[in-house]
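Q: Have a look at the structure that comes next, please.
All of the numbers you see were taken from the coordinates with simple rules; none came from a lab. Treat the numbers as computed from the prediction; the structure is a model and nothing was measured. When we count neighbours, we look across all protein chains shown, and the Cβ atoms used for this are built from the backbone with ideal geometry, even at glycine.
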Amino acid sequence: MSGRREVLRRVIFEADTPAGKVFDVILLVVIVLSVMLVMMESIATIEQDHGDWLRFSEWIITGLFTIEYGLRLYCVPSPIRYARSFFGVVDLLSVLPTYLSLLLPGSQSLLVIRALRLLRIFRVFKAVRFLDETNVLVTALRSSLPKVVIFLGTLMIGVIIMGSAMYLIEGEAGGFTSIPVSMYWAIVTMTTVGYGDIAPVTPPGQVVAAIAMLMGYSLIAVPTGIVSAELVRASRRPHNTRVCNDCFSEGHEAGARFCRDCGAELSPPEPGLPPLPKR
């Protein structure tokens, strides 16, 4: 990669340099402004009085985002891989609705998807502490996923059993016209939502309902306990905003030479930057 493209990549993708930090701050301000314009355009009185100005401003912002998206593709080693990444797709979707509005009026309302770009805020001001906590949370969620899936699977079996029981006990006369409808009641009851559109009236049905209500507490207690345990186990090491050139993952450990997700070699840190504090 040429020196110019590497400098541009550091400014756009990383927040370890003053230029990169300023770029991210300006980007976030423009994103917030764009989302506010879309919201204002949805208000009939404002759209009637200032609709032309709002659309003109939106086209200017879309033009800026289009140039930014092109620069991102230009400065990365693999433009196609970036275009297929999460933020690459979000960046593309943030400009398409405006152009689609020329063919499909009203599609510009989809521009609120630009709010997803605010996820980059964790990189601003070299927010290492937030990156640390974010990576701890992601690690805990990944580790607890199999346990949570098993728990939800077991819970689904309970929903099927209770739905079938309520269908047999209450029947169509009580509003339980089918097993799927009865399963819907079981889910609503166990999640403590309680719409009240269907309710058991017989004593056996009320006993089943009481059991479902008591089981509903486990919906919060069990997954929370699993994730909390994994959070305690998750390591807390200092991270920075260096971005992998291959998979575009960020938040690597301060002294990392290779990407934690794909194993690709990371670009060396910017010369002259102070080392991150040790925990």
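Q: Out of region 139-151, which residues are surrounded by 14 or more Cβ atoms within 10 Å (Cβ to Cβ) and within 21 Å of the chain's Cα centre (by Cα)?
A: If the condition is that a residue be surrounded by 14 or more Cβ atoms within 10 Å (Cβ to Cβ) and within 21 Å of the chain's Cα centre (by Cα), then Thr139, Ala140, Leu141, Ser143, Ser144, Val148 are the ones that fit.
Q: Please state which one of Gly63, Gly51, Gly3, Gly88 is within 28 Å of Cys247 (Cβ to Cβ) and free of Cβ contacts under 8 Å to residues at least 40 places away in the same chain.
A: Gly3
Q: Next question, about the same structure. For the structure I just gave you, tell me whether Ala186 is more than 25 Å from Leu168 (Cβ to Cβ) and not in a loop (DSSP other than H, G, I, E, B).
A: So Ala186 fails the test.
Q: Also: Quick check on region 189-215: of everything there that is part of a helix (DSSP H, G or I) and of a type in the set (S, T, N, Q), which residue is surrounded by the fewest Cβ atoms within 10 Å (Cβ to Cβ)?
A: Gln206
Q: Of all the residues that make up region 31-47, how many are buried (at least 16 other Cβ atoms within 10 Å of the Cβ), within 19 Å of Glu68 (Cβ to Cβ) and more than 20 Å from the chain's Cα centre (by Cα)?
A: 2
Q: Of everything in region 55-98 that's within 22 Å of the chain's Cα centre (by Cα) and not in a helix (DSSP H, G or I), which residue is surrounded by the most Cβ atoms within 10 Å (Cβ to Cβ)?
A: Ser94
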